[in-house]
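Step one of this worksheet: look at the structure below.
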Amino acid sequence: MTDEHSTPHPDIGSRLIPAEPTIPGLRAAAEGCTACSLYKNATQTVFGEGPEGSLLMLVGEQPGDVEDLAGRPFVGPAGKLLDRCLSEAGVDRARTYVTNAVKHFKWVPRGPRRIHSKPGAVEIEACFPWLEAEIAAVKPRIVLALGATAAQALFGKAVRVTRERGRPVPSALAPYAFVTVHPSALLRAPDEAPRRSEISRFIEDLRKVATLLQ
């Protein structure tokens, strides 16, 4: 498995980034990224998707098992919940750019299953040039971080989802920036009533963002 304390080589990713990046060009270039060791155990690079010029960019943590196999972000259980919540909030996913702070699936084996393992500072730092290039290519009006890993990758380690959720976060990356929970956290709620409540709150977060898309 990946050495959490291995030395990152973000310059490797930076060297691969085209001088005039487009999303197709970045996606193709990222397939060869070895800036951290996660590529060794992942099926493939899972790059972001959505139209350039999207007003809204959603940034999650990393691809999961389903995404790793499919090569697309947010297509597993959390992605399906995200789609439902976006729809209820009046946000069209087809017009939204979705990506992750880390582009390879980090996992540990548990019997026949591959279990998600939280990426560390090494992987986040190594992958940040790709995320930065995506933002530069898309030029979104709003960047929304889903979960603590994405929030800290985008806005710094001092950002806390519980504290900043629901209000704008100062950022040079886009005119508007926000943080909220990751939809996978909603799926982990132990009981039905708290889960429904947290999903409703998540939809309200998305509605706040949707008002800025008008």
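Here is a list: VAL91, VAL98, VAL46. Which entry is outside any loop (DSSP other than H, G, I, E, B) and either at pLDDT 95 or above or open to solvent by 30 Å² or more (accessible area, probe 1.4 Å) (or both)? Give the steps one after another, and end with the answer.
On the way: VAL91 fails: outside any loop (DSSP other than H, G, I, E, B); VAL46 fails: outside any loop (DSSP other than H, G, I, E, B).
On inspection, the qualifying residue turns out to be VAL98.
Conditions (1) hydroxyl-bearing (Ser, Thr, Tyr); (2) buried (at least 19 other Cβ atoms within 10 Å of the Cβ); (3) more than 17 Å from the chain's Cα centre (by Cα), marked per residue:
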site: ALA185; (1), (2), (3): no, no, no
site: ALA189; (1), (2), (3): no, no, yes
site: ALA193; (1), (2), (3): no, no, yes
site: ARG196; (1), (2), (3): no, no, yes
site: SER200; (1), (2), (3): yes, no, yes
site: LEU206; (1), (2), (3): no, yes, no
site: VAL209; (1), (2), (3): no, yes, no
site: LEU212; (1), (2), (3): no, no, yes
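State which residue is nearest to ARG15 (Cα to Cα) when the search covers only the stretch 122-139 and only residues that are open to solvent by 50 Å² or more (accessible area, probe 1.4 Å) and out of contact with any Pro (no Cβ under 8 Å at 6 or more places or on another chain).
So, considering only residues that are open to solvent by 50 Å² or more (accessible area, probe 1.4 Å) and out of contact with any Pro (no Cβ under 8 Å at 6 or more places or on another chain), the one nearest to ARG15 (Cα to Cα) is GLU132.
Please work out which one of (1) free of Cβ contacts under 8 Å to residues at least 40 places away in the same chain; (2) under 22 Å from PRO24 (Cβ atoms) is the condition SER87 fails and give its number.
So SER87 meets the others, but not (2).
Tell me the residue from ALA121, ALA185, ALA153, ALA148 that is of a type outside the set (Lys, Arg) and more than 29 Å from PRO24 (Cα to Cα), please. I'd like the intermediate steps shown before the answer.
On the way: ALA121 fails: more than 29 Å from PRO24 (Cα to Cα); ALA153 fails: more than 29 Å from PRO24 (Cα to Cα); ALA148 fails: more than 29 Å from PRO24 (Cα to Cα).
Selected residue: ALA185, the only one of ALA121, ALA185, ALA153, ALA148 that is of a type outside the set (Lys, Arg) and more than 29 Å from PRO24 (Cα to Cα).
In the list LEU86, LEU69, which residue meets the criterion of being of a type in the set (A, V, I, L, M, F, W, C) and within 16 Å of the chain's Cα centre (by Cα)? Outline the logic, then answer.
Numbers: LEU69 fails: within 16 Å of the chain's Cα centre (by Cα).
Among LEU86, LEU69, only LEU86 is of a type in the set (A, V, I, L, M, F, W, C) and within 16 Å of the chain's Cα centre (by Cα).
Can you run down the residue pairs with Cβ atoms below 8 Å, 6 or more apart or on separate chains, where the first is in the stretch 152-168 and farther than 23 Å from GLU123 by Cβ and open to solvent by 100 Å² or more (accessible area, probe 1.4 Å) and the partner is of a type in the set (Phe, Trp, Tyr) and not in a helix (DSSP H, G or I)?
ARG167/PHE178
Assess whether ARG84 counts as being out of contact with any Leu (no Cβ under 6 Å at 6 or more places or on another chain), open to solvent by 10 Å² or more (accessible area, probe 1.4 Å) and in a helix (DSSP H, G or I). Reasoning before the result, please.
Numbers: out of contact with any Leu (no Cβ under 6 Å at 6 or more places or on another chain): yes; open to solvent by 10 Å² or more (accessible area, probe 1.4 Å): yes; in a helix (DSSP H, G or I): yes.
Criteria met by ARG84.
The values are calculated or read from the model by the stated rules, or taken from the named source; none is laboratory data. Note that the structure is predicted; figures quoted are calculated from it, not measured. Here the Cβ is made from the backbone with ideal geometry for all residues, glycine too, and neighbour counts use every protein chain on show. The area values use the complete protein model at the heavy-atom level, side chains included, leaving out ligands, DNA and RNA. Shrake-Rupley method; radii C 1.70, N 1.55, O 1.52, S 1.80 Å.
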